[in-house]
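The values are calculated or read from the model by the stated rules, or taken from the named source; none is laboratory data. Computed from a predicted model, the values in this text were never measured in an experiment. Glycine gets a Cβ as well: all are built from the backbone with ideal geometry, and neighbour counts include every protein chain shown.
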Amino acid sequence: MSTTGRRSGSGLDLEQFRGRLERLDGAGRIRLLAEKFRGRLVVSSSFGLQSAVMLHLFREHAPEVPVVFVDTGYLFRETYLYAVQLEERLGFSAHVYQPAMTAARQEALHGRLWEQGADGLERYARLNKIEPMSRALRDLGADVWASGLRRAHSDDRAGRRIVERQARTLKVYPIVDWDDGQVSDYMREHDLPAHPLAAAGFVTMGDWHSTAPAGAAGSREATRFGGRKYECGLHLESGVRDFQI
């Protein structure tokens with residue numbers, strides 16, 4: 001494992017690095033990350049509606065970077081099938097991380113946390129998303145984490161910077177400034193399969209109990225958690241302190 005001096009939070013001029021990334025396209029950003037943080041970088045994938053884009057970019061430009069898939073145990077059946085389809089199509093195997101407590105045990109001991117207001121949602125996120133992702137970073141020796149988060153996803157994400165620190169982990173969003181049209185064009189250009197539920201009116205993808213199609217919800221923001229919030233937990237400030245090596 002690297003020493004503290006090599007960690008992403010040490011000796012890095014964040015503003016300068018941010019400017020360097022912003023001058024590059026998505027592929028160039030990924031190549032730079034893979035070169036600069038060799039052996040310390042992972043990319044996470046939810047195997048959601050547009051996950052094929054980031055996965056294809058990484059397979060094309062940094063195939064050695066591990067892919068982390070946090071499986072909450074509550075994903076749609078179609079998401080699990082889509083994950084297998086993309087792994088076979090792109091030629092990789094994701095590192096699957098699951099909660100330390102099974103879904104059945106959680107519900108037996110704590111009930112349906114997602115139905116228990118803000119405190120229940122926060123506890124759900126910590127058990128099912130934040131802890132498994134933190135464990136993945138530790139196990140894989142990573143202190144730099146790339147994600148496919150984009151500003152166009154929601155109002156909450158509109159102000160996201162291309163790179164930010166979360167405790168001692170550096171988070172980078174290589175396609176943060178891509179709009180929906182760029183994503184669609186990329187998928188068509190590279191003949192990437194769509195998530196099976198895209199045709200059913202879903203505009204975002206998460207756990208089955210907290211995600212609704214746009215028609216039923218009324219707006220993009222309302223498609224997650226009944227409109228109470230949009231972020232799943234991994235990208236909230238409340239999760240920052242958990243992402244430490």
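Within the range 119-130, being within 25 Å of HIS95 (Cβ to Cβ) and buried (at least 19 other Cβ atoms within 10 Å of the Cβ) holds for TYR124, ALA125, LEU127, ASN128, LYS129, ILE130. Of all residues in the range 162-179, those that are surrounded by 22 or more Cβ atoms within 10 Å (Cβ to Cβ) and among the polar types (S, T, N, Q) total 1.
Considering only residues in the range 72-118 that are modelled with pLDDT of 95 or more, among the acidic types (Asp, Glu) and exposed (fewer than 14 other Cβ atoms within 10 Å of the Cβ), the one that is nearest to ALA198 (Cα to Cα) turns out to be GLU88.
Being among the aliphatic types (A, V, I, L, M) and not in a helix (DSSP H, G or I) is the filter; apply it to the range 6-26 and report the residue that is modelled with the highest pLDDT.
Across the range 6-26, the extreme among qualifying residues is LEU24.
Residue check: is ALA152 farther than 22 Å from LYS36 by Cα and either assigned to a helix (DSSP H, G or I) or modelled with pLDDT of 90 or more (or both)? Yes: the conditions hold for ALA152. Among the residues of the range 164-180, just one is more than 20 Å from PHE47 (Cβ to Cβ), under 16 Å from the mean Cα position of the chain (by Cα) and part of a loop (DSSP other than H, G, I, E, B), namely ASP177. Checking the stated criteria, VAL183 turns out not to satisfy the condition of being at pLDDT 90 or above, surrounded by 18 or more Cβ atoms within 10 Å (Cβ to Cβ) and either out of contact with any helix residue (DSSP H, G or I) (no Cβ under 8 Å at 6 or more places or on another chain) or in a loop (DSSP other than H, G, I, E, B) (or both).
Residues of the range 37-52 that are under 16 Å from LEU137 (Cα atoms) and small (Gly, Ala, Ser): GLY39, SER44, SER45, SER46. Within the range 27-51, being among the small types (Gly, Ala, Ser) and crowded, with 18+ Cβ neighbours inside 10 Å holds for ALA34, SER44, SER45, SER46, GLY48, SER51. Selection within the range 94-114: residues that are in contact (Cβ under 8 Å) with a residue 24 or more places away in the chain and not aliphatic (A, V, I, L, M). The member of this set that is nearest to LEU55 (Cα to Cα) is HIS95.
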